[in-house]
Amino acid sequence: MSETEVFMQQVIYGLSNGMIIALVVNSTFKGRGLLRTAMLVPWAIPTVVSAQMWSYMYNDSFGLIGRGLLGGQALLANTDSAIWALIAVDVWKTTSFMALLILAGLQSLPSDMYEAADMDGASKWTQL
């Protein structure tokens, strides 16, 4: 997999997950403030701490993912699986920031625009 393909995978997955999270957090429900706070945790953790945490989780001897889910498979030793593991780490780290940016954009739109589109018969997909 080339560097461009890896970059595109990271952007696509981060953007799509961020959009889903932003749409959920933008709606009104009980506990929305707590979810907004929890959403920022991956982004707020320093990168060095995050890298060490994922290193422990991917460890094939005692890691939650390497040992627990994969049964001791060395995930980072294989080049095919290592790139996907690193993409997952990057998407986990950047999704919350993407969600924050998209949420800011969604909340900057006045509610009158949504009401007018609803009156005109626009579907939710068209309103988005």
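The values are calculated or read from the model by the stated rules, or taken from the named source; none is laboratory data. Since we're looking at a predicted model, the values are computed, not measured. Methodologically, a virtual Cβ is constructed for each residue, glycine included, from the backbone with ideal geometry; neighbour enumeration extends over all protein chains shown. Heavy atoms of the whole protein, side chains included, go into the accessibility calculation; ligands, DNA and RNA do not. Shrake-Rupley method; radii C 1.70, N 1.55, O 1.52, S 1.80 Å.
Worth a mention:
- Mean sequence separation of contacting Cα pairs (under 8 Å, at least six apart), scaled by the length of the chain, corresponds to a relative contact order of 34 percent.
- For semi-axes √(5λ) of the Cα gyration tensor in Å, computed directly from the structure shown, the correct entry in (i) 36, 17, 12; (ii) 32, 24, 10; (iii) 23, 20, 14 is (i).
- Listed residues A116, A82, A51, most fluctuating in the chain (Gaussian network, C-alpha, under 10 Å): A116
- Remark: the Cα gyration tensor places region 24-88 in the prolate category, a/c being 1.5 or greater and a/b exceeding b/c.
- Working note: 222 nm ellipticity from helices only, DSSP H runs with n ≥ 4, each -39,500 (n - 2.57), summed and divided by the residues of the chain, gives -22500 deg cm²/dmol to the nearest 500.
- Hydrodynamic analysis of region 68-109 uses the Kirkwood radius over alpha carbon pairs. Inserted into Stokes-Einstein at 25 °C and 0.890 mPa s, it gives a translational diffusion coefficient of 197 µm²/s.
- Relative to the longest principal axis of the Cα atoms of the chain, helix 79-108 runs at roughly 20 degrees.
- Net charge over other residues, Cβ less than 11 angstrom from the Cβ of Q10 (K, R count +1; D, E count -1): -2
- Contour minus Cα-Cα distance for L35 and I12 (0.36 nm per residue): 6.0 nm
- Spin-label model distance (nm) - Q52 vs S111, 7 Å beyond Cα toward Cβ: 4.6 nm
- Computed on protein heavy atoms with a 1.4 Å probe, the accessible areas place W43, W54, W125 in the order W125, W43, W54, largest first.
- Of D90, D112, D60, the residue with the greatest mean-square motion in the GNM of the chain, using alpha carbon springs below 10 Å, is D112.
- Simple label model, 7 Å out from Cα along Cβ direction - W84 to E5, nm: 1.3 nm
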